[in-house]
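> Mind looking over this structure? Questions follow.
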Amino acid sequence: MKLLIIFLFSLLCGQNWMNYLNSPIKWTVGLTNGYDNNVLRLSAVEKKDAALDHTIMGGEDTFDSHYARFSFSGLQKIQLKDRKKQIHFYAKGNVSNYSQNENRRYWSGNLKAIYRWGSYRKLEYSIRHLDSYFIRHYVDRDISTDQTASCNFTDREQRILASYPLQRRLWATGFVSYTQRYFDKPFTEFDLDIVTTALKVSKKINGLGTIAIEGKYGVADNITFGKTAKASDLDRSYKHFEWYIPFSYSQGFGVLDEVGISLRRDVRQYKAEELNDPLHSGRSHEEVKWDIWGEKDLSEKLTLKASLRYRKRTTNSQFDWVSDLKTFDQVQAWVTLEWDMIYDRY
């Protein structure tokens, strides 16, 4: 497929297609060390009850965990005959492991093909895969009212993204994505097809940095509603709206070359309306995330990045006990060291 794309572009641009294969590849190796203070996203009520009810923890001993992530990526930039035009191919793979939670071990990756034809002008297609990501243990309602099982899901996302300038140093980015979020047995009643659209406007400010605002709207369809056993009687479809405001300061801050802060707010409304199931019926939640990060180039090839995140989910329900049970907060911190390498066969 890659050779076919290169060949077609070479015909359009009147350049020998073999010349494209001479482009160097930038390889990046990354190692992340992080900490999560609430891996299972437990509420204050659940943390209190966990001392007496061991099923809440799913066999784990602690609420928190250290984690490590290894990543490997490659980027190839192909310069076309028209110097304003480029094709980029990007691939990245990650392996993550939580030391104090043996269930949270997974891999993920993504592929991108990008066509650029000037400043802030690009068209991108990407594929992302998240493999068997563990959430926590839940009750398997098909066979019991108290027996729990591990709940894992796999994401497969395809995205088409476009970016275009509006004014000088002001540009808009929009995308449409289709995500297949399918759960491992015995929780296939949660399977979702999610369609998301987003629009982001960014502004680069000379002598300061970059600020942006993004709005995102998504609809999730519970494709297994009514199609499996007893637990599928509840429709888990939902709609959500999210807005996101990031700001990065690129003029240096102390020993750091760049720092940034962002605020993300997501509101989700579930479709489920079942009088006999107050835990899920008419429920919605609002989630807020604050991120702070900094970056330092240690050398031409080594970069150090540090991030801190605070996450708060507030659940809304006509029943106070449901709101208390499903409301939680979480703190995550991580440091990533990246090493860049250039491979040029010529």
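The values are calculated or read from the model by the stated rules, or taken from the named source; none is laboratory data. None of the values given here were measured: they were computed from a predicted structure. Virtual Cβ from ideal backbone geometry, glycine too; neighbours counted across all protein chains shown.
> Suppose we filter R169, R116, R105, R121 for residues that are more than 25 Å from K92 (Cβ to Cβ) and basic (K, R); which single one remains?
Working: R116 fails: more than 25 Å from K92 (Cβ to Cβ); R105 fails: more than 25 Å from K92 (Cβ to Cβ); R121 fails: more than 25 Å from K92 (Cβ to Cβ).
Only one candidate qualifies: R169.
> Does region 290-300 include one or more residues that are touching a Leu at 6+ places or on another chain (Cβ under 9 Å), modelled with pLDDT of 95 or more, not polar (S, T, N, Q) and not in a strand (DSSP E or B)? Break it down into steps so the answer makes sense when it comes.
Going residue by residue through region 290-300, those that are touching a Leu at 6+ places or on another chain (Cβ under 9 Å) are 290-298.
Next cut, modelled with pLDDT of 95 or more only: 290-298.
Cutting the leftovers down to not polar (S, T, N, Q) gives us 290-298.
Remaining after also requiring not in a strand (DSSP E or B): 298.
Checked against the condition, which is being touching a Leu at 6+ places or on another chain (Cβ under 9 Å), modelled with pLDDT of 95 or more, not polar (S, T, N, Q) and not in a strand (DSSP E or B), region 290-300 yields at least one hit.
> Which ones in region 179-197 are in a loop (DSSP other than H, G, I, E, B) and among the basic types (K, R)? Let's see the steps before the verdict.
Taking region 179-197 and keeping what is in a loop (DSSP other than H, G, I, E, B), we get 184-187, 191.
Matches in region 179-197: K185 only.
> Turning to a different aspect of this structure: Please go through (1) buried (at least 16 other Cβ atoms within 10 Å of the Cβ); (2) in contact with an Asp or Glu (Cβ under 8 Å, 6 or more places away or on another chain); (3) not hydrophobic (A, V, I, L, M, F, W, C) for G226 and return the number of the only condition it doesn't satisfy.
(1)
> Hey, another quick one. Looking only at residues in region 48-73 that are of a type in the set (F, W, Y) and out of contact with any Phe, Trp or Tyr (no Cβ under 7 Å at 6 or more places or on another chain), which one is farthest from V139 (Cα to Cα)? Talk me through it step by step, then tell me what you get.
Of all residues in region 48-73, those of a type in the set (F, W, Y) come to 63, 67, 70, 72.
Checking the rest, the ones that are also out of contact with any Phe, Trp or Tyr (no Cβ under 7 Å at 6 or more places or on another chain) come to 63, 70, 72.
Details: F63: 19, F70: 33, F72: 37 Å.
Among residues in region 48-73 that are of a type in the set (F, W, Y) and out of contact with any Phe, Trp or Tyr (no Cβ under 7 Å at 6 or more places or on another chain), the one farthest from V139 (Cα to Cα) is F72.
Listed here are the residues, each with its yes/no results for (1) in contact with a helix residue (DSSP H, G or I) (Cβ under 6 Å, 6 or more places away or on another chain); (2) over 27 Å from G218 (Cα atoms); (3) among the polar types (S, T, N, Q).
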residue: R105; (1), (2), (3): no, yes, no
residue: A113; (1), (2), (3): no, no, no
residue: L123; (1), (2), (3): no, no, no
residue: S126; (1), (2), (3): no, no, yes
residue: H137; (1), (2), (3): no, no, no
residue: I143; (1), (2), (3): no, yes, no
residue: C151; (1), (2), (3): no, no, no
residue: T173; (1), (2), (3): no, no, yes
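> Filter region 292-305 down to the residues that are surrounded by fewer than 17 Cβ atoms within 10 Å (Cβ to Cβ) and closer than 12 Å to I261 by Cα and list them by number.
Once the filter is applied, which keeps residues that are surrounded by fewer than 17 Cβ atoms within 10 Å (Cβ to Cβ) and closer than 12 Å to I261 by Cα, region 292-305 yields only I292.
> Looking at D49, D61, D53, D82, can you tell me which residue is touching a helix residue (DSSP H, G or I) at 6+ places or on another chain (Cβ under 8 Å) and at pLDDT below 95?
Numbers: D49 fails: touching a helix residue (DSSP H, G or I) at 6+ places or on another chain (Cβ under 8 Å); D61 fails: touching a helix residue (DSSP H, G or I) at 6+ places or on another chain (Cβ under 8 Å); D53 fails: touching a helix residue (DSSP H, G or I) at 6+ places or on another chain (Cβ under 8 Å).
Matching residue, one of D49, D61, D53, D82: D82.
> Quick one: in region 132-161, which of the residues that are closer than 27 Å to E214 by Cα and loosely packed, with under 14 Cβ neighbours inside 10 Å is farthest from the chain's Cα centre (by Cα)?
Taking the candidates together, the pick is I160.
> Something else: Look at region 11-43 and say how many of its residues are among the hydrophobic types (A, V, I, L, M, F, W, C), surrounded by fewer than 18 Cβ atoms within 10 Å (Cβ to Cβ) and either assigned to a loop (DSSP other than H, G, I, E, B) or modelled with pLDDT of 95 or more (or both). Even if it seems obvious, please write down each step before you answer.
To start, the set of residues in region 11-43 that are among the hydrophobic types (A, V, I, L, M, F, W, C) comprises 11-13, 17-18, 21, 25, 27, 29, 31, 39-40, 42.
Subsequent filtering for residues that are surrounded by fewer than 18 Cβ atoms within 10 Å (Cβ to Cβ) retains 11-13, 17-18, 21, 25, 27, 29, 31.
Still in the running and either assigned to a loop (DSSP other than H, G, I, E, B) or modelled with pLDDT of 95 or more (or both): 27, 29, 31.
Result for region 11-43: 3.
> Using beta carbons and a limit of 6 Å, which pairs, at least six apart or on different chains, have the first residue in region 236-248 and surrounded by 15 or more Cβ atoms within 10 Å (Cβ to Cβ) and the second one among the β-branched types (V, I, T) and part of a loop (DSSP other than H, G, I, E, B)?
Between residues of region 236-248 that are surrounded by 15 or more Cβ atoms within 10 Å (Cβ to Cβ) and residues that are among the β-branched types (V, I, T) and part of a loop (DSSP other than H, G, I, E, B), there is no close pair.
Residue-wise test of (1) under 18 Å from the mean Cα position of the chain (by Cα); (2) within 30 Å of G59 (Cα to Cα); (3) assigned to a strand (DSSP E or B).
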site: F72; (1), (2), (3): yes, no, yes
site: K77; (1), (2), (3): no, no, yes
site: K81; (1), (2), (3): no, no, no
site: F89; (1), (2), (3): no, no, yes
site: S96; (1), (2), (3): yes, yes, yes
site: G109; (1), (2), (3): yes, yes, yes
site: K112; (1), (2), (3): yes, no, yes
